[in-house]
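Read the structure below first, then the notes.
Each value in this text was obtained by applying a stated rule to the coordinates, not by laboratory testing. Note that the structure is a prediction, hence the values are computed from the model and not measured. Note: ideal-geometry Cβ built from the backbone for every residue, glycine included; neighbour counts use all protein chains shown.
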Amino acid sequence: MCGIIGYTGSEDVKEILLDALELLEYRGYDSAGIAVKEEKTGETKVCKCAGRVSDLRMICETEKLLSTCGIGHTRWATHGGVNDSNAHPHRCGRVTLVHNGIIENYRELASDSGLTDKLVSETDSEVVAALLNYYYKDDPKEAIKKTVKRLTGTFALVILFEDCPDVIYSVRNVSPIVATLCKEGAMLASDLTALCRFTNEYFVVPEYHILELHKDHIVMTDFDDHVVEPEFLTVDWQLNAAGKNGYPFYMEKEIMEQPLAIEQTIRGRIVHGLPDFTADGVPDHIFTDCDRICIVACGTAMHAGLVAQALVKSIIHMHIDVELASEFMYSDPVIDEKTLVIAVSQSGETIDTLEALKYAKKRGATCLSVINVKGSSIARESDYVLYTCAGPEIAVASTKAYTTQLSVFYLMTAKMAQLRGIFTEEETLCFIRELERTPDTIKEVLESRKEIHIVAKKVLSAKDLFMIGRGLDHSALLEGSLKLKEVSYIHSEAYASGELKHGPIALITQDTPVVAAATQEKLLSKELSNIREVKSRGADVLLFIKKALAGNLDQEYEVITLPDMRDEFMVLPTSVALQLLAYYVSSDKGFDVDKPRNLAKVVTVE
Ligand code: F6R
């Protein structure tokens with residue numbers, strides 16, 4: 001969702017802001033804008049428009065913007081339609097700002113302070129600019145404190161005050177801001193991707209602290225004016241990992257990176273062949289003290305949770321729930337001190353997951369999170385964190401984050417089985433050896449991508465599509481189906497094959513292709529019967545099947561064989577094959593694969 005950048009230093013700010021906004025495009029947006037402080041006059045100039053950053057770039061080219069200090073924003077509309085005046089930055093009197101988040105009481109604020117007449121946009125953000133201007137009597141910090149005390153909601157505010165040349169102010173609640181100081185100057189952003197080009201050191205601005213960026217230093221104070229030293233973190237992402245590396249889309253690049261991402265995620269967590277979370281500071285007792293587990297997550301991360309649930313249920317025989325984070329706290333969940341709550345999130349900023357975790361903590365649960373972005377809000381709220389090492393994931397459709405989340409869950413399942421005496425040491429070693437084979441197995445799937453591309457062409461014209469499978473195949477298909485619908489706009493639904501006869505089979509015709517997965521030996525004969533049922537109703541079937549099970553198949557299916565692994569692990573090669581299917585359908589249809597319509601990479605509103 002909305003992206004923020006701010007820079008003050010020695011370089012031409014216009015180029016820095018526009019380049020950074022391009023890097024933030026992946027978050028999802030519909031308008032963009034910048035505000036810069038004119039070098040000579042100190043005046044603030046605003047350029048903004050509905051549309052892409054490339055449109056903004058064209059507008060900026062017609063303006064003479066000589067400046068080394070400014071702020072920028074990509075907007076994902078929440079309050080007010082997509083048009084130029086709702087785009088950020090918003091200026092009111094001597095204040096110009098950009099805002100991420102939602103101000104819930106913006107209408108009351110505007111009417112109570114008599115600001116309604118001063119507003120030109122329909123946004124909640126402009127009300128904050130007006131309020132700041134109202135309180136601004138030459139002391140920026142006082143104005144910020146007075147304003148923030150009146151705000152209800154979430155916000156990351158980045159502000160230019162007319163009489164403070166070269167200084168950028170920021171304050172936040174929930175919505176994140178990261179900042180850094182480097183040789184080019186001081187900068188802040190809504191996420192690391194925009195800073196990576198300049199430095200690998202950054203800090204997360206704590207909530208309700210006022211950050212001042214000066215050209216060569218940073219000052220941070222709390223609301224009682226005490227100076228607070230930033231706690232710097234180091235990004236271990238490769239700087240070029242955020243580029244496309246010659247691939248036409250990030251999604252393809254990220255699919256191809258999975259062998260390495262999984263390798264990096266499991267390496268260091270396997271010691272003498274056994275799972276080991278010592279280096280993460282995650283103590284073994286959290287896996288034995290709990291008598292139930294509850295996973296909270298959204299979208300793809302929730303699908304990773306479903307695989308974990310299937311593994312833990314079948315191997316550990318333990319009670320484990322997977323909850324949609326957005327529903328969690330409204331559903332009176334059974335949570336107590338004996339519950340291990342696991343939050344799963346690529347970004348670490350998904351607000352529903354964050355709120356669910358806070359709720360679970362209040363109820364006394366131990367909170368562990370599986371996160372990709374270091375220092376993100378969910379990571380900071382958790383008692384313990386296991387980071388996935390996927391590196392930056394830019395395509396909106398999650399791929400490598402998902403398979404690295406799965407890898408962590410395989411390690412965790414092995415650890416629990418070992419600690420609880422379910423696996424012998426030999427069995428644990430054997431399970432982990434299979435996990436270590438995953439990168440090579442996935443490479444095999446990636447090598448067969450041309451074959452998957454050919455079968456993808458069979459569903460290009462479909463309007464509706466079904467995916468069917470049993471057990472872990474069903475879990476993999478739920479994710480495969482989400483992937484297909486979000487990037488190709490084909491309506492796709494995944495069903496447990498046995499459920500078909502209880503309703504959905506009514507929709508199967510020759511116009512509804514069916515993608516089936518069959519990788520679980522004990523379920524094979526039942527799965528094949530279900531596939532015959534859809535075939536005999538006219539559906540074209542694309543069958544993803546484990547090589548070892550592909551012996552005596554009917555000739556009438558399009559068959560894609562998957563490299564053999566133990567059945568519990570087949571979800572990994574299956575998922576990668578389904579990612580490729582979705583990718584090729586989308587790119588063959590000519591869509592912007594990385595930026596599906598209406599979607600945002602980081603979902604920071606409830
Ligand atoms: C789908 C996708 C989303 C995210 C979901 C949670 O491809 O990416 O469904 O998985 O928005 O995001 P994170 O993992 O950042 O919490």
* So what's the gap between the Cα centers of region 280-307 and region 370-399, to the nearest angstrom? -> 14 Å
* Sorted by packing (mean other beta-carbon atoms within 10 Å per residue), highest first, where do 390-397, 138-145 land? -> 390-397, 138-145
* **Assigned charges on the beta-carbon of Lys, Arg, Asp, Glu; the chain dipole about Cα centre (debye)** => 980 debye
* For region 1-55, what is the charge dipole size about the Cα centre, in debye to the nearest 20, if Lys and Arg each add +1 at the Cβ and Asp and Glu each add -1 at the Cβ? -> 200 debye
* **Separation between Cα centres of region 211-236 and region 501-547, rounded to whole Å** => 58 Å
* Asked: Can you give the Kirkwood hydrodynamic radius of region 319-473 from its Cα pairs, in Å with one decimal?
  -> 18.2 Å
* Structure fact -> Diffing region 224-235: the Karplus 3J(HN,Hα) column from phi (6.51, -1.76, 1.60, θ = phi - 60°), in whole Hz with x for Gly and Pro, holds 9, 6, 7, 6, 10, 7, x, 9, 6, 10, 10, 7
* Structure fact -> Note on region 531-606: alpha-carbon gyration tensor, axes a ≥ b ≥ c; rule is a/c under 1.5 for rounded, else prolate if a/b larger than b/c, else oblate; result prolate
* Structure fact -> Along principal axes, largest first, the alpha-carbon spread of region 444-591 in whole Å comes out as 39, 37, 26
* CD proxy at 222 nm, helix term only [per DSSP H run n ≥ 4: -39500 (n - 2.57); per residue of the chain; nearest 500] -> -10000 deg cm²/dmol
* Given a cut-off of 32 Å, name the pairs among Lys37/Lys145; Lys522/Lys601; Lys374/Lys450; Lys458/Lys595; Lys137/Lys601; Lys338/Lys485 whose C-alpha atoms lie farther apart than that in the structure shown. => Lys522/Lys601; Lys374/Lys450; Lys137/Lys601; Lys338/Lys485
* Asked: Can you give the direction-averaged projected area of the convex hull of the alpha-carbon atoms in region 1-110, in nm²?
  -> 6.8 nm²
* Structure fact -> Kirkwood calc, region 384-480, C-alpha pairs only, radius in angstrom 16.3 Å
* Which FRET efficiency, nearest 0.05, do Thr78 and Ala279 yield, Cβ-Cβ r, R0 30 Å? -> 0.15
* Asked: When only DSSP loop residues count, what trypsin sites (Lys or Arg not before Pro) in region 256-316 have their Cβ near at most 12 other Cβ atoms within 10 Å?
  -> Arg267
* Structure fact -> Working note, region 246-306: Cα radius of gyration (Å, one decimal) and Dmax (Å, whole number) are 16.0, 48
* To do: Order by neighbour count: Met58, Met412, fewest other Cβ atoms within 10 Å first, most last.
  => Met58, Met412
* State the dimensionless ratio Rg/Rh of region 1-48 (Rg: radius of gyration of Cα atoms; Rh: Kirkwood radius). => 0.99
* Asked: For the chain, what D do you get in µm² per second when you plug the Kirkwood radius from alpha-carbon pairs into Stokes-Einstein at 37 °C and 0.692 mPa s?
  -> 129 µm²/s
* Cα gyration tensor of region 3-234, axes a ≥ b ≥ c as square roots of the eigenvalues: rounded (a/c below 1.5), prolate (a/b > b/c) or oblate? -> rounded
* Would you compute, for the Cα atoms of region 301-342, the largest minus smallest coordinate along each principal axis and list the three values in descending order, in whole Å? => 30, 24, 13
* To do: Let me know the Rg and Dmax you get for region 39-84 when you use only its Cα atoms, in Å.
  => 12.3, 36
* Structure fact -> Reduced to Cα centres, the span from region 116-134 to region 176-200 in Å works out to 28 Å
